[in-house]
Amino acid sequence: RAVPKKALRSADRIKTMLQFVQTHYAEDLTVEEIADSLHISVSYLRRLYDTALGYSPQRSIVRKRIAVAKSLLQLPNALPVYEIAAAVGYSDQSAFSARFKEETGLSPREYRKRYLQGNEKKKEPGSL
């Protein structure tokens, strides 16, 4: 049974928009830029996101930025928080820290501390 052409076009657009966010998340990325990259309207982009993914394009950008920030905070010789903020697309460390806490329930420093403490416990003899 063949998939309708419209569904294929939508699937291709969804894949392309997700790749665009994956590539450009660290930039000052806007929903308008994502829509422009696909040659579609912002309202259609929002509909695609909502229908296919259940969240907004802006949420997609935030999720990617926070995921990368978490990875960077987990590195043993992690960058300072202000550098991580800049690396994931935030020009303001306070805005980054507030968004990070909103998303994870922890400040970036608290997240790093808990992650590192958890790994230290794993390294102790007799720990699981």
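Throughout, read-outs are computed from the coordinates displayed, never taken from laboratory work. Note that the coordinates shown come from a computational prediction; the quantities given were computed from them, not determined experimentally. Methodologically, a virtual Cβ is constructed for each residue, glycine included, from the backbone with ideal geometry; neighbour enumeration extends over all protein chains shown.
Observations, loosely collected:
- Cα pair distances exceeding 13 angstrom across segment 36-85, given as percent: 65 percent
- Nonlocal amide H pairs with Leu79, under 5 Å, H built at 1.01 Å: none
- Debye intensity ratio I(q)/I(0), log10, the chain, q values 0.14 Å⁻¹ (C-alpha model): -0.70
- Here the simple spin-label model places points 7 Å from the Cα toward Cβ, and for Ser94 and Val31 these points are separated by 2.6 nm.
- Dipole magnitude of the chain, debye to nearest 20 (Cβ charges: Lys/Arg +1, Asp/Glu -1, about Cα centre): 680 debye
- Farthest toward the positive end of the dipole of the chain, out of Leu75, Asn119, Tyr90, is the Cα of Asn119, where the dipole comes from beta carbon charges about the Cα centre.
- For the chain: relative contact order, % (alpha-carbon pairs under 8 angstrom, 6 or more apart): 19 percent
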